[in-house]
Amino acid sequence: MAENGNRFIKQANLIDGQWLAADSGATIDVINPASNKIIGTIPKSGKAETARAIDAAAAAFKSWRKTTANERAQKMRKLHDLILANQDALAEVLTMEQGKSLAESKGEVASSAAYILWYAEEARRMYGDIVPSPWADRRIMVTKEPVGVVAAITPWNFPSSMLARKIGPALASGCTIVVKPATQTPYSGLAWGLLCEEAGIPAGVVNIVTGSASEIGGEITRNALVRKLTFTGSTEIGKLLMKQTAGTVKKVSMELGGNAPFIVFDDADLDRAVAGAIAAKFRNSGQTCVCTNRFFVQSKIYNRFIEKFTEAVEQLKVGNGLEDGTQQGPLIDMKAVEKVEEFIADAEKKGGRIVTGGKRHALGGSYFEPTVIADAKPRMRFTKEEIFGPVAPVYKFRSEDEVIELANNTEYGLACYFYTQDLGRAFRVMEGLKYGLVGVNEGLISTVEAPFGGMKESGLGKEGGHQGIEDYLDTKYVCLGGLGL
Ligand code: NAP
């Protein structure tokens, strides 16, 4: 058990119901970004452990797929209840390894529970079809069945809920799963193992392996027993994994990077836009795939927006996520700090004006000041690249057509937001934006009931909504002939 006694700090792989070290005994330290202290270690596993986890998942699939939807749903309801019963302890682990505020961690854990409940409900709705037959003596049936062994690879920014979106549909559909959580935030991933055990989910159904990303990823993608890969992370690694899975033609779901625009028209409700801007930019210290990367504000309202937005940004309380009232924790590591500094230096060199923030926070370590940059220009690096930090560049625009073009001028297409009170404009802009998620007068829109997922290089497939289970199912056409009708 970990030093602070939190039972969810499991320092082992879960393979076929057993908690195991790496074959070599090697470990990796896990660091708390708020204190720079070691929380614990995890196994540095590779190809062999991953192959065994896949074998275990393939063996467990034989019986798990035969359980009824109702049985699976009942276990998932238990899992949901366990998550909520342990919400505080799970949130503490999340904040310790990731840095986000305890309030945000509790919210993330609640969202994980909501995904599990949603998929427990969806388990019973995996309907097929009976299709009118063109033949008098044959009938056409279309059924849905679980794809088999699923592999999931997840990032450090939402270490609990990104797995809920994958473990949920896998369990509901009757698939088994091998999980590789992010190395910087593994305990929220390993906690799923403990919770699944306690919920009575049989050994081998959920397996979790930590360690070398390239070795684990290499085995997952090459192994023909894995029938689906679901990945959340950077577009760069997503593309690599898509190439690697081609050899065994697996289904793939990809939740990748974003470059979200946030558009404020002259006719917007300014206070509402500012509140939305804070939520859409500074949640998780700007380290979410749906965080605003570019603010576009129409010329008449530009100065007033900058003024009010800056006032609100200056109110944000930066600190250790475990402390009361903290709204912005540290960034995940010093590399993230350096990247943010590079974006700011580039913007300053090209005429950007830092209105507030702009440098490392007095708290030291990887804490960074919430930053607003006015007079942002298309030639600045963050126009194209994901910032993934608490920096808000604000561009000025004149017309609706111009801003739709600017907003769409990126290879990404995950989330976008815009503020207007004009109904006609709301429809024109919504239909003009090439994004998978659109917030109209709202800055926080993710919810389990709606399909989450990107267009273009932001990914493939959806998580949540009734669509979220589709990628975990194979469709089978059955022709029943010789009926003598
Ligand atoms: P990342 O570097 O792509 O890492 C994500 C996961 O992939 C981690 O578990 C990582 O393992 C693993 N990985 C790295 N190299 C690999 C390889 N060669 N083979 C197999 N797995 C490999 O991304 P990140 O920096 O953790 O996360 C930030 C990115 O995720 C951002 O681009 C963000 O936009 C995106 N994201 C997207 C969504 C969405 O829903 N669209 C949600 C959240 C985040 P290690 O930890 O061991 O390196």
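The values are calculated or read from the model by the stated rules, or taken from the named source; none is laboratory data. In this text the structure is predicted, and so the values were computed from the model without any measurement. With ideal geometry, Cβ positions are generated from the backbone for all residues, glycine too; neighbour counts draw on all protein chains shown. Surface accessibility is based on the protein's heavy atoms, side chains included, excluding ligands, DNA and RNA. Shrake-Rupley method; radii C 1.70, N 1.55, O 1.52, S 1.80 Å.
The table below lists the values:
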quantity: Taking the range 220-265 and dividing mean pair separation by its residue count, relative contact order in percent (alpha carbons under 8 Å, at least six apart); calculated: 46 percent
quantity: Rg/Rg_globular for the range 345-395, with Rg_globular taken as 2.2 N^0.38 Å and Rg from C-alpha atoms; calculated: 1.12
quantity: On Cα atoms only, tilt of 102-122 relative to the major axis of the chain in degrees; calculated: 40 degrees
quantity: Given the chain, longest segment not containing exposed loop GluC sites (Glu not before Pro) (DSSP; at most 11 other Cβ within 10 Å); calculated: 4-410
quantity: Quotient of C-alpha Rg and 2.2 N^0.38 Å, computed over the chain; calculated: 1.01
quantity: Residue-wise HN-Hα coupling along the range 370-384, computed from phi with Karplus coefficients 6.51, -1.76, 1.60 (Hz; x: Gly, Pro); calculated: x, 10, 10, 10, 8, 6, 5, 10, x, 7, 6, 4, 6, 5, 9
quantity: Hull shadow area, averaged, the range 130-270 [alpha-carbon convex hull, nm²]; calculated: 14.9 nm²
quantity: Angstrom value of the Kirkwood radius, inverse mean 1/r, which spans all Cα pairs in the range 67-206; calculated: 15.9 Å
quantity: Crossing angle, helix 423-432 versus the chain [Cα axis fit, 0-90 degrees, rounded to tens]; calculated: 60 degrees
quantity: Cα-Cα pairs of the range 341-485 separated by more than 22 Å (percent); calculated: 57 percent
quantity: Carbon plus sulfur fraction of accessible area for the range 188-341, probe 1.4 Å, in percent; calculated: 52 percent
quantity: Degrees between helix 47-64 axis and first principal axis of the chain (Cα, 0 to 90, nearest 10); calculated: 60 degrees
quantity: Helix-only CD estimate at 222 nm, as mean residue ellipticity for the chain, using -39500 (n - 2.57) per DSSP H run (n ≥ 4); calculated: -11500 deg cm²/dmol
quantity: DSSP beta bridge pairing in the chain, given as percent antiparallel to the nearest 5; calculated: 45 percent
quantity: The range 25-131 - Rg over Rh from alpha carbon coordinates, Kirkwood radius; calculated: 1.09
quantity: Heavy-atom surface of the range 394-484, accessible at 1.4 Å and reported per residue (Å²); calculated: 48 Å²
quantity: log10 of Debye I(q)/I(0), alpha-carbon scatterers only, for the range 1-73 at 0.21, 0.23 Å⁻¹; calculated: -0.94, -1.01
quantity: Accessible area (Å², 1.4 Å probe, nearest 10) - residue 222; calculated: 130 Å²
quantity: Computed over the chain: relative contact order in percent, which uses C-alpha pairs under 8 Å that are six or more apart; calculated: 18 percent
quantity: Residue 290 accessible area, assembled protein chains, probe 1.4 Å, Å²; calculated: 10 Å²
quantity: Isotropic mean projected area of the C-alpha convex hull, the range 141-208 (nm²); calculated: 4.8 nm²
quantity: Nearest-10 value in Å² for the accessible area of residue 196, using the 1.4 Å probe; calculated: 10 Å²
quantity: Length-normalised contact order for the range 61-124 - Cα pairs under 8 Å, 6+ apart - percent; calculated: 47 percent
quantity: Protein-only accessible surface order, largest first, of 23, 267 at 1.4 Å; calculated: 23, 267
